[in-house]
1. Which of His259, His127 comes first, and how do the rest follow, when ranked by fewest Cβ neighbours within 10 Å?
2. Given a cut-off of 19 Å, name the pairs among Lys215/Lys258; Lys40/Lys258; Lys108/Lys129; Lys91/Lys161; Lys108/Lys178 whose C-alpha atoms lie farther apart than that in the structure shown.
3. Suppose we keep just the DSSP beta bridges with both residues in the chain; what percent of those would be antiparallel, to 5?
4. Under a 5 Å amide H to amide H cut-off, with H placed in plane at 1.01 Å, what residues pair with Leu152 once short-range neighbours are removed?
5. Based on the alpha-carbon gyration tensor of the range 106-220 and its eigenvalue square roots a ≥ b ≥ c, which shape applies: rounded if a/c is under 1.5, prolate if not and a/b is larger than b/c, or oblate?
6. Identify the trypsin sites (Lys or Arg not before Pro) of the range 68-100 meeting these criteria: DSSP loop state and at most 14 other C-beta atoms within 10 Å of the C-beta.
7. Quick check: the angle from helix 97-106's long axis to the longest principal axis of the chain, C-alpha only, nearest 10 degrees?
8. For Asp125 paired with Phe417, estimate the spin-label separation in nm (one decimal), with each label point 7 Å from Cα along the Cα-to-Cβ line.
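Every number in this text was worked out from the coordinates using simple rules, so none of it is lab data. Note that the structure is predicted; figures quoted are calculated from it, not measured. Because the Cβ atoms are built from the backbone with ideal geometry, glycine has one as well, and the counts that use them run over all protein chains shown.
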Amino acid sequence: MELFEIIGKTKLNGEVYINGAKNAAVAIIPAAIATGGICKIENVPDIEDVENLKTAITKLGAVCERPDPHTLIIDSSKISSHIVDYNSVKKIRASYYMLGALLTRYKKAEVPLPGGCNFGERPIDQHIKGFEALGATVKIEHGMVKAYADNLRGASIYLDKVSVGSTINIMLAAVCAKGVTTIENAAKEPHIVDTANFLNMMGANIKGAGTEIIKILGVEKLHGCEYTIIPDQIEAGTYMIAAAVAGGDVTVQNIIPKHMDTLSIKLREMGGIVEEGDDFLRVISDGNLKNVEVKTMSYPGFPTDLQPQMTALMAASSGMGNITETVWENRFQYVTELKRLGCKITVDGRVARIEGGAKLTGAEVHATDLRAGASLIIAALACEGKTTIGNVRYINRGYEAIEEKLGALGADIKRVFIDDSDERYSEEMN
Ligand code: EPZ
């Protein structure tokens, strides 16, 4: 079992390089199996979600090579099955993208239902609505989503909910559907644009990704390509918030600053300095910012995936502030753990009221999901004394070498391996 031990109150200084975007990689890897060609994907983050997806497509028959930790070459020519087994995807929420990709490749797909995540239900009704509009019959039985189509044909689809997953999945299923597909009320996240760009490199004809209306003209077939994944907006934001909470002068390199606009604006409102370059942002903070109001929204709004980290920053800042979560119904579960560090937060439905200025002191805490884990790290940087974070496996899903990157900036953080039988860190708290 792994833990992080962090001793807070050190300033952060220097440069940190951001890896490729997790949420683009977990869409682009399944997209690669929509063709029988070879795809070379660069700037792939070296994280567990990628490793798990690689295993899942390998079990289907794909041949994956990783000539270096950030390059993945996928040869899907030998894929012989449209049925994804539960064991290979139970740890990956994004397994549902294999539905869209296999529908395009074989006009049939059977994929285990994604599990609910630790911050609530994860419905896929909009994905199914899209597949059905394209002509597929979709059934859910024995824990599997089963989709079959004689022919896929273009359709006009209006999403009742702005959803990243269904926007991408419908694009995946529609790329070779006959005629034109229109997705209205589409999500606009950077990883949607990245997945569309990847599919276009494979020969698809997708226009409008990044806007509310995406048009897909079905093509005969897709082919292999070479592609480089965009930088991770959420990883970048996590380091910007870390710099803000700890104080210091940190340059977050290899990013698309535009993707960070809402966070940069909030950090400036809080009294931090954020300077922008072509592919970097420099965050300067005295570690004593003042609180603001934050509301999560789909892109270009404030990202829900930075909400837990922002809550930790606000708990360590001064004054009252509120964070309203509008994307997920129940994404404040980690607050109980933040309170163990002394954070003063009251959750009322979708709003967390934060009373800044509390004295934060290190304690033993457990990550309840990926971004909750990042939030605990942020809070620990502001704590007096040692914080021990359990359930590090969640953090491994989405952050590459986080302890090395923070350590290089000056944080006192180490990854500790302990005996699985050590009851103090039992993982049953999830
Ligand atoms: C993606 O999840 C991300 N995951 C999540 O990041 C992120 O929090 C979320 O988008 C929102 O930005 C990946 O990209 C792998 P949605 P996704 O479909 O696609 C409702 C992280 O920490 N909804 O945009 O599953 C849903 O309940 C992860 O990196 C329906 O009602 O999210 C939610 O309230 C966690 N019906 C809202 O829409 C549907 O069919 C947005 O969900 C689909 C979604």
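1. On the way: His259 23, His127 27.
Ordered from fewest to most neighbouring Cβ atoms within 10 Å, His259, His127 come out as His259, His127.
2. Details: Lys215/Lys258 24 Å; Lys40/Lys258 27 Å; Lys108/Lys129 16 Å; Lys91/Lys161 25 Å; Lys108/Lys178 16 Å.
The pairs that break the limit, which is 19 Å between Cα atoms, are Lys215/Lys258; Lys40/Lys258; Lys91/Lys161.
3. Details: 59 of 84 bridges.
In the chain, approximately 70 percent of DSSP beta bridges are antiparallel ones.
4. Lys178
5. Values: a/c = 1.77, a/b = 1.20, b/c = 1.48.
Oblate, because a/c is 1.5 or more while a/b does not exceed b/c.
6. Working: sites: Lys78, Lys90, Lys91, Arg93; in loops: Lys78, Lys90, Lys91.
Hits after loop and neighbour filter: Lys78, Lys90.
7. It works out to around 20 degrees.
8. A separation of 4.7 nm, rounded to one decimal place.
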